1. Looking at the stretch A:372-419, which of the residues that are at positive phi and charged (D, E, K, R) is surrounded by the most Cβ atoms within 10 Å (Cβ to Cβ)?
2. How many residues, within the stretch A:323-355, are within 14 Å of chain B (Cβ to nearest Cβ), assigned to a loop (DSSP other than H, G, I, E, B) and of a type in the set (A, V, I, L, M, F, W, C)?
3. Taking into account only those residues within the stretch A:90-130 that are of a type in the set (Phe, Trp, Tyr) and either touching a residue at least 60 places away in the same chain (Cβ under 8 Å) or more than 28 Å from residue A:177 (Cα to Cα) (or both), which is nearest to the other protein chains (Cβ to nearest Cβ)?
4. Go through the stretch B:349-461 and tell me which strands (runs of 3 or more DSSP E), entirely inside it, have 3 or more residues that are surrounded by fewer than 24 Cβ atoms within 10 Å (Cβ to Cβ), modelled with pLDDT under 95 and not aliphatic (A, V, I, L, M).
5. If you take just the helices (runs of 4 or more DSSP H) that sit entirely in the stretch A:197-310, which of them hold at least 3 residues that are under 30 Å from residue A:135 (Cβ atoms) and in contact with a strand residue (DSSP E or B) (Cβ under 9 Å, 6 or more places away or on another chain)?
6. If we keep just the residues of the stretch B:60-70 that are surrounded by 24 or more Cβ atoms within 10 Å (Cβ to Cβ), in contact (Cβ under 8 Å) with a residue 40 or more places away in the chain and under 24 Å from residue B:157 (Cβ atoms), which is nearest to the other protein chains (Cβ to nearest Cβ)?
7. For the subset of the stretch B:44-59 comprising residues that are closer than 14 Å to residue B:341 by Cα and small (Gly, Ala, Ser), which member is farthest from the other protein chains (Cβ to nearest Cβ)?
Amino acid sequence: MDNSIHMEKSIQEDIREIAHKTGERLREAGADKAQYTVTETQTHEFNVDGGEFSLFRTLFGHSLSVTAYKDQKKGSASTNQFDDSAIEAAVRDCLKSAQSGVADEAYDIAPAQESGTFRDGAYEPDIDLFFQRTRELMRDIRERHPKILMEQMIVSHDQTHKIYRNTNGTEFEAFQGAYAVSLMFSAHEGDAATSFFGSDICTDRLDRPFIELGSLEKDLADTEAQLSTVPVEGKFQGVILLTPGSLPDFLGNIIGNFASDGCILDRTSIWLDKLGQSVADSRITLSLCPGDRRIVCGERFTRDGFRSKDYDLIKDGVLKSFCLSLYVANKSGFAPAGNSSFALVVEGGDTPYADMVKSIKRGLIVGRFSGGNPSVNGDFSGVAKNSFLVEDGEIKGAVSETMISGNLAQLLNSLVAISRETVENGSSVLPYMAFDGVVISGKESGAQ
Amino acid sequence: MLENHVSDKKSLFPTGAHTELREQKSRSRRVSLVQGNLTGNERSESLGISARVYQNGVYGFSSMAECSGSAAEKVLRAAVANALFMDRHVGRGKGPLPVIPCSDVPAGRAIQDTDQKQYIEFAKALDAYIAGKYKNLSSRSVIVSEDSMEKIVCTSDGCDGHICAPRSHVYIVLGAESTSGSPLELFHPVGGSGIFSENFTDPALLYPQIDALYEKLMHKREGVHAQAGYKTVVLGGFLSGMLAHEAVGHTVEADLVLGGSVAGPALHKRVASDLVTLVDFAHTAFGAPTPLPVYLDDEGTPAEDAVLIQNGILQGYMHSRESAQHFGMKPQGNARAWSFSDEPLIRMRNTAVLPGKDKLEDIIASVEDGYYLLDTTNGQADTTGEFMFGVSMGYEIKKGKLGRALLDTTISGVAFDMLKTVDMVSDTMEWASSGFCGKKQPMPVGMGGPALRCKVMIGGR
């Protein structure tokens with residue numbers, strides 16, 4: 001690697017010094033309480049567009065975000081400039097915003113905790129090997145999946161050094177570095193083309209070819225298999241088998257609609273009075289685990305300044321927690337969440353994936369869901385993309401223009417099975433999950 | 001105004017390579033009131049300099065979070081080194097980009113800052129109006145948002161410019177329980193290009209829009225599920241705008257055409273009924289400024305309108321300078337970057353279906369059994385042209401008359417099939433500009449259209 005691409009970092013300040021100056025300015029400005037985070041980042045990124053390398057970029061960034069409280073009023077400001085006047089302006093802006101705000105007893109910062117320094121992943125990149133792995137991935141895809149056209153591939157090494165402090169004396173510092181591989185591709189043969197599909201990997205090791213990681217190889221093969229489609233006749237209730245790729249959309253909507261800050265604060269969550277009660281099939285345990293060894297560079301401290309802890313949102317079907325910030329926790333009387341990450345972990349079940357497919361009388365394997373924002377009550381509808389029709393336990397072929405609709409809360413109570421196999425992509429650990437009672441409709445159902 | 005640290009660095013540009021140097025400041029302000037609670041009260045600033053160098057078919061890019069002459073020189077050196085690295089290892093061996101006649105695009109407007117207190121007081125006034133007048137709501141939110149980009153673009157072989165693009169919006173969200181006890185919400189954005197004090201002078205001016213939103217929510221409380229299937233619908237202007245952007249616009253972005261989109265083999269072919277003409281407007285449409293005017297892109301190309309579909313025939317794509325060279329077409333100013341640390345990508349500006357000659361009431365009266373779909377929550381589309389839009393407000397049409405309101409649903413179709421079913425187009429149109437388009441980077445975009453009678457798949461029970 002040519003050393004000339006490594007730009008000198010003389011302009012980068014020591015972020016400890018920036019944190020110190022910020023604390024001083026906050027004290028001088030008269031903040032009652034405050035928390036602030038100073039971050040410096042370095043990114044090396046290669047882009048592939050239309051199947052060809054197109055761009056190499058190196059980014060050097062830093063940022064300061066400050067939240068201050070005065071008379072129980074809160075304001076926030078952020079800047080990416082580290083000179084004295086910028087720090088002073090950010091603190092001034094922050095306090096001025098707070099003074100213009102609305103007093104609320106629920107505003108608070110995390111209490112004093114034991115300080116911690118965290119080092120995760122591959123902090124310093126091996127750009128030469130990373131570039132070789134990227135070229136190898138392109139070659140592997142060309143040779144093993146010749147029908148795939150790579151619309152875009154973005155591979156990057158992202159290095160982050162972050163310091164969090166608050167005026168209760170808590171300080172956390174994290175050094176994290178990881179390689180991210182993000183692919184967007186479709187399959188083409190003659191005039192036939194599939195929908196695009198995205199597959200992502202996050203890793204801190206370069207000891208294996210990228211194509212072996214996550215579900216990448218299967219995603220590429222499945223996409224090639226989607227070139228020929230079969231019609232879906234009529235409208236029926238059936239089973240949807242969600243892949244580890246499509247599952248996060250559904251789980252994210254479940255969390256957003258029923259367990260997050262917004263729906264608890266405005267009291268629209270249908271789970272508001274369900275803590276400690278059954279909300280799902282007893283085989284379902286859904287956890288958020290940034291500390292899990294299979295999660296690469298997971299969150300070490302929360303946005304509110306708590307040391308992150310893994311927790312179960314649902315355990316054996318029972319709602320154990322909401323995903324709340326400190327503010328909404330104080331406002332609602334519930335406990336704040338153990339972490340503020342989206343590191344989803346659902347452990348594998350006892351049914352082999354192949355047996356799950358065989359048990360489906362009529363339904364879909366849903367590789368991707370393109371849907372509207374679900375209703376507040378959990379009603380969802382949308383297009384089953386990159387999906388396959390299953391009848392009498394056999395995969396009949398890929399589908400097009402097929403919609404699915406149902407209700408997220410009911411879905412959790414309509415579990416058919418959880419696969420034994422799981423996919424670890426560095427950001428989540430997820431199995432295949434099959435649910436019954438979903439309305440599936442093909443274009444032919446009402447064609448005029 | 002942003003101090004210029006880049007224009008005097010042209011002498012350092014490498015010879016024989018296309019080079020862009022850009023200095024940029026981005027600002028955002030946001031205030032959120034949820035049930036009267038101030039849940040968001042934030043201000044952010046981000047500025048820096050980036051350089052991009054095109055060498056034999058590959059780009060090198062670098063950025064720093066600093067605005068100074070030395071930062072400009074450093075990112076320029078790093079971008080040159082990155083381009084050389086790529087050229088050496090990848091070696092696409094392409095020639096230089098075609099030159100664009102140079103000129104200078106002056107700053108159209110200055111961005112003035114607004115005191116945070118003004119946003120908060122405005123939001124509080126709206127919230128007090130809602131809380132005082134409508135006691136049967138189960139939830140309410142008021143969000144005030146302003147974002148702006150100011151850029152100094154300096155290129156080796158194109159136009160230079162100092163451009164400012166502010167926009168400001170107020171979002172109202174009202175919630176109620178349906179007659180069956182399920183929670184429902186409706187959302188309404190107001191605003192567009194311009195700073196907050198230009199767009200919002202008096203909260204009372206928004207009261208009629210809040211009243212109209214409340215009335216729709218009350219209709220939705222009595223709403224029914226749509227019947228799933230392939231139906232005749234009238235898409236309102238916001239949905240036809242979403243269609244223009246998501247289902248057609250993305251497929252005719254030249255980088256996605258190169259990535260295998262359905263528009264590749266469809267050029268100069270019929271993709272819609274002859275009632276459909278679709279344009280990506282730059283800065284002026286129908287004699288007035290577009291919702292989010294663009295005068296110059298970040299590659300130094302002056303912005304002009306891109307006609308994408310004319311009378312049902314696919315006429316062209318949206319381009320960067322590189323893709324325009326590949327296809328032998330003219331770049332029209334679509335290469336835009338979000339942050340100083342982002343490279344320009346092919347992006348839409350103000351994409352719209354043009355109005356036709358039909359009256360909306362005649363279109364509705366012509367539908368025997370279908371739906372009138374008014375508002376959308378979100379939309380996604382595929383490079384195959386298959387699209388999905390969330391629909392948050394609509395009505396049944398029975399024997400030419402509007403019927404019951406609809407609960408949330410979703411519509412889908414394949415753009416170049418569905419557009420061929422368009423057989424009536426209204427003579428008025430609506431624009432929207434409050435959202436972000438997501439494509440590696442976010443980007444503010446405008447979209448609009450008239451009411452369209454057509455056939456789509458609708459989700460439901």
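1. A:401
2. Total satisfying the criteria: 1.
3. The residue in question is A:107.
4. In the stretch B:349-461, the matching strands (runs of 3 or more DSSP E) lie at B:369-381, B:436-439.
5. Where helices (runs of 4 or more DSSP H) fall fully within the stretch A:197-310 and carry at least 3 residues being under 30 Å from residue A:135 (Cβ atoms) and in contact with a strand residue (DSSP E or B) (Cβ under 9 Å, 6 or more places away or on another chain), they are A:216-225.
6. Checked the stretch B:60-70; the qualifying residue nearest to the other protein chains (Cβ to nearest Cβ) is B:61.
7. If we take residues in the stretch B:44-59 being closer than 14 Å to residue B:341 by Cα and small (Gly, Ala, Ser), then B:51 is farthest from the other protein chains (Cβ to nearest Cβ).
Residue by residue, here is whether (1) β-branched (Val, Ile, Thr); (2) modelled with pLDDT of 95 or more holds:
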| site | (1), (2) |
| --- | --- |
| A:208 | no, yes |
| A:217 | no, yes |
| A:236 | no, no |
| A:239 | yes, yes |
| A:247 | no, yes |
| A:254 | yes, yes |
| A:264 | yes, yes |
| A:280 | no, yes |
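The values are calculated or read from the model by the stated rules, or taken from the named source; none is laboratory data. Because the structure is a prediction, the values reported are computed rather than measured. We place every Cβ from the backbone using ideal geometry, glycine too, and count neighbours over all the protein chains shown.
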